[in-house]
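The values are calculated or read from the model by the stated rules, or taken from the named source; none is laboratory data. Model, not experiment: these values are computed from the prediction. FYI the Cβ positions are ideal-geometry reconstructions off the backbone, even for glycines, and counts take in every protein chain you see. These area figures cover heavy atoms from the full protein model, side chains too; ligands, DNA and RNA do not enter into them. Shrake-Rupley method; radii C 1.70, N 1.55, O 1.52, S 1.80 Å.
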Amino acid sequence: FASSDADLSSVDASASAMATVSLSTPLVASLAAPPRPEGAPPMWTSLAAFASPRAAPFRRGVRPPPRLRVAAELLDAPGQAGGSSGSRERPRRWEEEDVDTEGWTFQQLAAILGGIIGSILSTAAFSRRRDVSKGRLKRGAPSTGALSSGGARIVHQLGGSLLDAEVQSPLFSLGPMPRCTEASDLRRSGRHFTIITTASLPWLTGTAVNPLLRGLNLAKSGKPVVLLLPWLETEDQASVFPNRQTFESPAEQEELIYKWCRERAKIDPAGIPFQLRWYQAKYVKSVGSIFPCGDCSKELGDGDPRDVLILEEPEHLCWYHYGQRWPLLFNHVIGIVHTNYQDYLTQHKGGSFAGELVPESLKEASVYAASTLVCSAYCDVNIKLSDTIMPLPNEVTCNVHGVRDEFLLIGDSCADLPAEATTGASAYYLGKCIFEKGWGELLDLMEAAGEGLSGVVVDGYGSGANEADIGARAACLKAARLNMHPGIDHAHERLRGYSVLVNASTSDVLCTVTVEALAMGRRCVLARHPSNTFFQEHFADRCYFFNVGDAKGFAFAVRKAIAAGPAKPLPPEQRSALTWTAACERLFDSAEVRVLSGRVERPSQAAASRLAYQLHNDLAENTIIADLVKEATLGEKTPWDEYMNEWRRTQLAKMRETAEAFNPVHFKKHEEYFRERIREFTRSAWRLLPSVAVEHDALDETSD
């Protein structure tokens with residue numbers, strides 16, 4: 001599709017589809033966009049290549065010709081997973097249809113080749129946009145494709161939006177939109193949710209807290225929830241949990257989690273349909289993340305319904321998942337992407353992740369390829385919290401997080417709090433003390449701003465690996481001051497007097513600290529960056545933006561935010577947008593799938609998705625490749641001795657048999673020739689040792 005105000009010839013290849021979906025045409029499916037105001041025109045994402053020649057019968061209302069079999073022997077047949085009441089009857093299997101036996105046509109090969117080229121070029125365009133957002137390139141530099149003002153976008157099944165977010169070129173649909181599929185209607189009564197995440201309390205990280213709060217609020221609304229958490233060995237627990245806290249059993253850790261739910265989330269799990277399950281996992285220090293040790297699906301109870309599955313960080317959970325395919329176990333699979341792993345993993349210069357030996361561009365390309373592969377193979381819908389994350393198959397960008405009522409209650413009473421902090425500082429920042437979590441960018445801007453921030457005092461709260469280095473740089477500031485303090489909970493009474501949060505970070509996908517500060521009625525100084533789009537759209541009157549790397553603009557925004565006065569309670573509409581009730585409604589909207597044409601009801605049933613699963617699953621069968629990948633990323637040692645012994649035992653013997661069968665006389669002549677050369681070498685070696693006398697026969701025996 002091209003925009004109505006641009007010539008088709010002006011379409012840039014770099015803004016084309018994100019995946020080679022020609023394999024699955026003429027499927028036409030769409031995913032619901034984030035909530036829109038009443039009366040606004042419909043907006044949908046992830047449309048199939050409806051304009052392609054093979055989709056013409058659908059546009060004319062004629063039944064299409066039989067599908068071509070695309071690597072049918074390699075692909076699993078699509079089917080509906082059982083589990084929830086009222087699910088539709090399983091669609092007819094593609095293998096049951098009449099298929100053409102002719103080979104691939106020129107049009108098909110050209111379409112597949114075009115899709116591959118489009119994927120490569122779209123990745124380059126995305127990388128350029130990331131460079132611009134991080135200040136690596138100037139915004140005034142020449143741009144291409146979707147980044148230019150007059151470009152248009154070609155939309156394929158697995159990527160792109162019908163409303164081009166970059167150039168604001170709308171595309172219209174005539175007639176009513178179809179209802180979402182029954183499996184993707186999460187508001188329907190009787191739905192059961194299974195949530196799998198990559199972290200757990202007492203580690204207060206986003207992937208531990210947000211999935212827990214999501215599950216609690218879904219269960220509070222009457223929808224049964226099973227939350228599957230990682231169980232770590234004692235050594236890993238001491239590395240991850242605060243104060244090296246450890247637990248002897250999952251039941252002991254569950255007690256702590258339930259206590260936190262009652263005291264901090266103000267929800268008692270005992271009174272709602274909420275259960276915890278555990279899967280075996282390990283902590284990888286080199287990348288600071290937790291990974292499953294096996295197939296998480298085996299840890300689900302026999303009586304747990306297999307209805308809706310939410311994978312918190314689907315790429316993270318599925319990189320090393322070689323078990324059952326999630327869409328075959330559940331009716332609807334949703335991935336919620338929390339972390340920009342392209343940036344996160346390339347920031348780790350040491351450890352097992354190839355260090356500085358591998359170029360940054362190669363690391364980014366590897367993470368991109370692995371992530372898009374597993375997100376296509378295992379998810380029906382992929383929800384990105386912001387557009388800082390790489391393009392993904394079947395993606396929807398929407399903030400589906402909320403904040404605890406604790407922060408909203410503080411905001412409701414902020415008018416009664418002190419007008420300034422007890423430390424006398426004008427503003428504050430809070431975060432883990434590593435340079436990549438916004439501290440490096442904050443220090444760079446404060447240093448570059450110079451006299452523009454003269455007299456401004458900022459309090460910094462955080463603990464972490466770079467705490468000493470950050471404190472040393474802060475002490476060297478001249479015009480402005482950054483006073484460092486140990487890490488503290490954001491709801492602590494000591495922080496009640498602040499009215500301005502200064503957050504220069506561009507490494508977050510959606511900064512939880514910013515959401516919590518807004519909930520408490522404070523104003524925020526933020527970078528104009530895709531990770532802050534949600535705040536720019538909903539809290540423009542509370543946020544003061546500056547361009548990435550612009551020290552002068554940063555100083556102006558800080559002074560303007562401070563001059564605006566003390567914190568004020570949020571109006572009802574903005575307050576409601578931050579609640580978990582509103583976040584769950586946004587989740588329901590974003591997870592909807594609308595089929596415009598064809599007989600396939602799920603994106604995971606498309607041939608491209610099933611092929612992605614087959615490619616990923618083949619790594620498990622090739623043990624050496626799988627172990628090499630784990631050694632490069634997880635630090636696991638590859639058992640080379642076992643592999644070489646097995647190779648000698650099996651493959652070397654087969655090679656000898658093959659050679660003898662091919663030309664036994666020729667093979668024996670070569671063998672005798674090598675034996676004779678070895679005898680000569682052995683005799684010469686012994687002659688160099690005059691103190692040793694060796695008989696000729698003994699030499700022959702030794703050489704043999």
* To do: Mind listing the long-range amide H neighbours of residue 497? Cut-off is under 5 Å, sequence gap 5 or more, other chains count too, H placed in the peptide plane at 1.01 Å from N.
  => 422
* **Spin-label model distance (nm) - residue 599 vs residue 322, 7 Å beyond Cα toward Cβ** => 3.5 nm
* Under-5 Å amide H pairs with residue 282, H placed in peptide plane, nonlocal only -> 291, 293
* To do: Just grab the label-to-label distance for residue 259 and residue 485, each label 7 Å out from Cα along the Cβ direction, in nm (one decimal).
  => 2.6 nm
* Asked: To the nearest 0.05, how large is the calculated FRET efficiency for residue 238 and residue 492 if R₀ is 30 Å and r is the Cβ-Cβ distance?
  -> 0.75
* Asked: Say R0 is 30 Å: what FRET efficiency, to the nearest 0.05, do residue 537 and residue 295 get from their beta-carbon distance?
  -> 0.15
* Size of the dipole of the range 171-322 about the Cα centre, Lys and Arg at +1 and Asp and Glu at -1 on the beta carbon, nothing else charged, in debye to 20? -> 640 debye
* Structure fact -> Relative contact order in percent for the range 448-500 (Cα pairs under 8 Å, 6+ apart) equals 42 percent
* J(HN,Hα) series, the range 452-463, from Karplus relation 6.51 cos²θ - 1.76 cosθ + 1.60, nearest Hz, glycine and proline x -> x, 10, 4, x, 7, 10, 10, 8, x, 10, x, 9
* Asked: Given the range 263-335 reduced to its alpha-carbon atoms as identical point scatterers, what log10 I(q)/I(0) does the Debye formula return at q = 0.11, 0.15, 0.24 Å⁻¹?
  -> -0.36, -0.65, -1.21
* Residue-wise HN-Hα coupling along the range 261-267, computed from phi with Karplus coefficients 6.51, -1.76, 1.60 (Hz; x: Gly, Pro) -> 4, 6, 8, 9, 8, 6, 10
* **Calculated FRET efficiency for the pair residue 560/residue 409, C-beta based, R₀ 30 Å, to 0.05** => 0.60
* To do: Just report the Cα centroid separation between the range 193-252 and the range 262-280, whole Å.
  => 10 Å
* Accessible area of residue 435 in the full protein assembly, 1.4 Å probe (Å², nearest 10) -> 60 Å²
* Asked: Order of 606-617, 261-272 by packing, highest average Cβ count within 10 Å first?
  -> 606-617, 261-272
* To do: Would you mind estimating how fast the range 524-598 diffuses translationally, via Stokes-Einstein at 20 °C and 1.002 mPa s with the Kirkwood radius over Cα pairs, in µm²/s?
  => 144 µm²/s
* Structure fact -> Pseudo-spin-label distance residue 568 to residue 177, built 7 Å along Cα→Cβ, given in nm, is 3.5 nm
* Asked: Can you give the extra length, in nm with one decimal, that the chain gains between residue 188 and residue 302 once fully stretched, where that is 0.36 nm per residue apart less the Cα-Cα distance?
  -> 38.7 nm
* Quick one: length gained pulling residue 658 to residue 477 fully straight, 0.36 nm per residue minus the C-alpha distance? -> 57.7 nm
* **Members of 285/363; 298/437; 259/285; 259/384; 285/478 lying beyond 26 Å, as alpha-carbon distances in this model show** => 298/437; 259/285; 259/384; 285/478
